Amino acid sequence: MNALARRLAAAAVAAPLAACVYPAPAAVPAPAAAPPAGSAASPDEMAAEVGRLVNEHRARIGCPPLAWDALAVRAAQAHTDDMVRRGYFSHVSPDGRNVGERLRAAGASWRAVAENIAQGQPTAAVVVR
């Protein structure tokens, strides 16, 4: 997996996974200023933008915003790093751990959780589309 794919997988995994930890008091962080033309967004910028776009969509359809959770972000990034390191792309790791197990191991609290993963999309908007 190349650096772009890794960055996009990180953003795609981190933002929706972290956002789905509900309820939590923190809002999804505002995206940083857009990177200069020709440069790529950082994983954190991409994740924040995916989270913002998801909540924008939820507002349009009458759903409450999802919340950001730092522990879930760490679990999502660790899963992304594991997928890159071991060369797989799945909701379930080769050792059988799923999103709920990864969140519990990270110490995150949640009532319901869902996970979206993506790879190869050039922008956050394409991930959320």
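Screening ALA59 on (1) modelled with pLDDT of 95 or more; (2) more than 16 Å from the chain's Cα centre (by Cα); (3) loosely packed, with under 13 Cβ neighbours inside 10 Å; (4) not in a helix (DSSP H, G or I) shows it passes everything except condition (4).
Sort out which residues of region 91-128 are in a helix (DSSP H, G or I) and either touching a residue at least 60 places away in the same chain (Cβ under 8 Å) or on the phi > 0 side of the Ramachandran plot (or both), and write them in order of number. Once the filter is applied, which keeps residues that are in a helix (DSSP H, G or I) and either touching a residue at least 60 places away in the same chain (Cβ under 8 Å) or on the phi > 0 side of the Ramachandran plot (or both), region 91-128 yields VAL99, LEU103, ALA124, ALA125, VAL127, VAL128. Against the criterion of being over 23 Å from VAL126 (Cα atoms), of a type in the set (S, T, N, Q) and open to solvent by 60 Å² or more (accessible area, probe 1.4 Å), SER93 does not qualify. Number of residues in region 62-90 that are among the charged types (D, E, K, R), part of a helix (DSSP H, G or I) and open to solvent by less than 40 Å² (accessible area, probe 1.4 Å) equals 1.
The values are calculated or read from the model by the stated rules, or taken from the named source; none is laboratory data. Only a predicted model underlies this, so the values are computations on that prediction, with no experimental measurement involved. Neighbour counts are summed over all protein chains in view; Cβ atoms, including those assigned to glycine, are modelled from backbone coordinates with ideal geometry. Protein only, heavy atoms only, side chains kept; ligands, DNA and RNA dropped before computing areas. Shrake-Rupley method; radii C 1.70, N 1.55, O 1.52, S 1.80 Å.
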